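The values are calculated or read from the model by the stated rules, or taken from the named source; none is laboratory data. Treat the numbers as computed from the prediction; the structure is a model and nothing was measured. Here the Cβ positions follow ideal geometry from the backbone for every residue, glycine too, while neighbour counts run over all protein chains shown.
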Amino acid sequence: MTTLSGRVAIVTGGGRGIGKGISLALASAGCNVAVNYVSREADALATAEAIGALGRRAIVVRGDVSKGADVRTLVRAVEAGLGPVDILVNNAGRVVVESIEQMSEASWNEIIQVNLTSVFLMTQAVLPGMRARQWGRIINLTSVAAQAGSMMAVHYSAAKAGVIAATKSYARQLAKEGITVNAISPALIATEMVVANPNIKPDMIPMGRFGQVEECADVAVMLAGNAYMTGQTIGVNGGMFM
């Protein structure tokens, strides 16, 4: 495993849920972390404070990662505040529950942009520096919905499946440049969104319980430290999809 001490990480949507868990886990492993948010500043500030308590540097950067102008601004802010970006965690995303009949062209485009275009924009923004230094880790959050299909949101499943395909394609093209690209595919992690939904129950999972944020975060740290794994999608799903 490669030491992560002093490495600079960006975690999009890093202020809460799985993003917060990954931010804190990377800090515990020695990283300085930029916590990105788009609307919940208080959560991002609290996460940054917790990172500081771990003895690492943190900054909070606002930006809508589905918009190119915002991405360019936030990456410049991270480079100025912490240094060149070594680790990118594309965690930001959004799910909207809509039936086939309810989906519109506008909602399709929005979900694709937030969940898939954001991965492209953030990756393209940090890649020149990673390639120049011949070192980088890109970790993309996808979903079991990409692998098994969704009963609730075709557009979300399609976007997250696109994340898996992009992960493999970037990994294949960057394999000789010291840059690894992998994905984490969670299912029913005990985040605010999952726990608050009465229609989602632990017995939907073969293990009979929701996953913990830390169980996703551990995988992110492993992927950041491993120099030989690339193009992989790691399921953290309690046996929901095998």
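With Gly21, Gly55, Gly14 as the choices, which residue is surrounded by fewer than 23 Cβ atoms within 10 Å (Cβ to Cβ) and either farther than 20 Å from Leu121 by Cβ or modelled with pLDDT of 95 or more (or both)? Don't jump to the end; show me each part of the working.
On the way: Gly21 fails: surrounded by fewer than 23 Cβ atoms within 10 Å (Cβ to Cβ); Gly14 fails: surrounded by fewer than 23 Cβ atoms within 10 Å (Cβ to Cβ).
Testing whether each residue is surrounded by fewer than 23 Cβ atoms within 10 Å (Cβ to Cβ) and either farther than 20 Å from Leu121 by Cβ or modelled with pLDDT of 95 or more (or both) leaves just Gly55.
For the condition crowded, with 22+ Cβ neighbours inside 10 Å and either more than 23 Å from Ala34 (Cβ to Cβ) or free of Cβ contacts under 8 Å to residues at least 24 places away in the same chain (or both), what is the one hit in Ala145, Ala132? Show your work before the answer.
Working: Ala132 fails: crowded, with 22+ Cβ neighbours inside 10 Å.
None of the others qualify; the one that does is Ala145.
Name the pairs whose Cβ atoms lie under 8 Å apart, with the first residue in the range 201-224 and within 14 Å of Leu24 (Cα to Cα), the second among the basic types (Lys, Arg) and assigned to a loop (DSSP other than H, G, I, E, B), and 6 or more positions between them or separate chains?
Close Cβ pairs (under 8 Å, with a partner that is among the basic types (Lys, Arg) and assigned to a loop (DSSP other than H, G, I, E, B)) amount to Ala224/Arg7.
Given (1) under 25 Å from Ile179 (Cα atoms); (2) modelled with pLDDT of 95 or more; (3) surrounded by 16 or more Cβ atoms within 10 Å (Cβ to Cβ), identify the lone condition not met by Gly93.
Here Gly93 meets the rest and fails (2).
Condition check: in a strand (DSSP E or B) and of a type outside the set (Asp, Glu). Does Thr230 satisfy that?
On the way: in a strand (DSSP E or B): no; of a type outside the set (Asp, Glu): yes.
No: the conditions fail for Thr230.
Could you list, in sequence order, all residues of the range 124-148 that are more than 19 Å from Val65 (Cα to Cα) and under 16 Å from the mean Cα position of the chain (by Cα)?
Gly136, Val144, Ala145, Ala146
Within the range 24-37, work out how many residues are buried (at least 19 other Cβ atoms within 10 Å of the Cβ) and assigned to a loop (DSSP other than H, G, I, E, B).
The qualifying residues number 2.
Which of the following residues is more than 19 Å from the chain's Cα centre (by Cα), of a type outside the set (A, V, I, L, M, F, W, C) and within 25 Å of Ala159 (Cβ to Cβ): Ser39, Ser99, Ser118, Ser66?
Working: Ser39 fails: more than 19 Å from the chain's Cα centre (by Cα); Ser118 fails: more than 19 Å from the chain's Cα centre (by Cα); Ser66 fails: more than 19 Å from the chain's Cα centre (by Cα).
Going through Ser39, Ser99, Ser118, Ser66 in turn, just one is more than 19 Å from the chain's Cα centre (by Cα), of a type outside the set (A, V, I, L, M, F, W, C) and within 25 Å of Ala159 (Cβ to Cβ): Ser99.
Of the residues Val65, Val95, which is under 13 Å from Val11 (Cβ atoms), in a loop (DSSP other than H, G, I, E, B) and among the aliphatic types (A, V, I, L, M)?
Going through Val65, Val95 in turn, the sole match is Val65.
May I ask you to list pairs of residues, at least six apart or on different chains, whose Cβ atoms are under 6 Å apart, with the first in the range 46-69 being within 23 Å of Ser118 (Cβ to Cβ) and the second being among the charged types (D, E, K, R)?
Qualifying pairs under 6 Å: Thr47/Lys20; Gly63/Asp70; Asp64/Asp70.
Given the residues Arg40, Arg7, which is the only one that is more than 26 Å from Val195 (Cβ to Cβ), of a type in the set (Lys, Arg) and either touching a residue at least 12 places away in the same chain (Cβ under 8 Å) or buried (at least 24 other Cβ atoms within 10 Å of the Cβ) (or both)? Before the answer, list the steps.
On the way: Arg40 fails: more than 26 Å from Val195 (Cβ to Cβ).
Within the list Arg40, Arg7, the selection yields Arg7.
If you scan the range 61-81, which residues turn out to be surrounded by fewer than 22 Cβ atoms within 10 Å (Cβ to Cβ) and either under 15 Å from Thr47 (Cβ atoms) or modelled with pLDDT under 95 (or both)?
The answer is Arg62, and nothing else.
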